[in-house]
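Written below as structure tokens is the structure these notes are about.
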Amino acid sequence: YVWGGRGLVLDPDESVRRAVGVVFERFNIEPSAHAVLRWANQSNFLMPTRERGSSEVSWNKLGNLRLNAMLRNPAYAGVYVYGRHPTSKEVVDGEIRKVRRRLSDPAQWPVRIEDAHPSYITWERYMSNQEKLRQNTVQPSAAGRGAPREGRALLSGILLCGRCGRRMSARYYSYSAHWSYGCYGE
């Protein structure tokens, strides 16, 4: 996006718009953001970068931070939001500190204006992408599918505890080629 006379507009450079569109198309095809990065590296895909206030475009490899920022930013769905990361002052260990939270539920965002500017994806696609990202998180307590991890254990990332329902982790032993599954929920 670039700043137009009355707000954000799509970049006037067709190659820049196409590259951004390709990222979202690839994320629809691939099972995870990591798979998009793998594809980008294998195909030598370059992502445009425009320095603030400059008309110069440089083309660089697509990195993890840039990809996640794109996939999580509702601006690409044409939505203006404010207040996704509110800060508050709280007492922590006897000191007043600023604490920044992340509101992942759009219903909690104080300001959300749909169709505020042209979009690359629909709001429904954005929400679908957020669910896909959430499902691919690797957290033992998460309710998502999880992503397969390295190691010999075939059920790593998909096995659920029969007692508490949380994700079980593979435990590897350095003295042998054996492993076991363990639950950290209880």
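Residues in the range 100-130 that are surrounded by fewer than 11 Cβ atoms within 10 Å (Cβ to Cβ) and either in contact (Cβ under 8 Å) with a residue 40 or more places away in the chain or more than 19 Å from the chain's Cα centre (by Cα) (or both): Pro110, Val111. Residues considered: Glu51, Glu90, Glu30, Glu95. Of these, the only one that is out of contact with any Gly (no Cβ under 9 Å at 6 or more places or on another chain), without any contact (Cβ under 8 Å) to a residue 12 or more places away in the chain and under 25 Å from Val9 (Cβ atoms) is Glu51.
Within the range 1-30, being assigned to a loop (DSSP other than H, G, I, E, B) and either open to solvent by 80 Å² or more (accessible area, probe 1.4 Å) or among the hydroxyl-bearing types (Ser, Thr, Tyr) (or both) holds for Tyr1, Gly5, Arg6, Pro12. If you filter the range 31-54 down to residues that are closer than 15 Å to Leu71 by Cβ and assigned to a loop (DSSP other than H, G, I, E, B), you find that the one that is least open to solvent (accessible area, probe 1.4 Å) is Ser32. Residue-level check: of (1) out of contact with any Asp or Glu (no Cβ under 9 Å at 6 or more places or on another chain); (2) open to solvent by 70 Å² or more (accessible area, probe 1.4 Å); (3) farther than 17 Å from Ile121 by Cα, Ser88 misses just (2). Among the residues of the range 62-77, is there at least one that is of a type in the set (Lys, Arg), out of contact with any strand residue (DSSP E or B) (no Cβ under 9 Å at 6 or more places or on another chain), surrounded by 11 or more Cβ atoms within 10 Å (Cβ to Cβ) and in contact (Cβ under 8 Å) with a residue 60 or more places away in the chain? So far as the range 62-77 goes, yes, one or more of its residues are of a type in the set (Lys, Arg), out of contact with any strand residue (DSSP E or B) (no Cβ under 9 Å at 6 or more places or on another chain), surrounded by 11 or more Cβ atoms within 10 Å (Cβ to Cβ) and in contact (Cβ under 8 Å) with a residue 60 or more places away in the chain.
The values are calculated or read from the model by the stated rules, or taken from the named source; none is laboratory data. Quick caveat, the model's predicted, so the values are computed rather than measured. Quick reminder, even Gly has a Cβ in these numbers, built from the backbone with ideal geometry, and neighbours come from all protein chains shown. These accessible areas exclude ligands, DNA and RNA; they are computed on the full protein's heavy atoms, side chains included. Shrake-Rupley method; radii C 1.70, N 1.55, O 1.52, S 1.80 Å.
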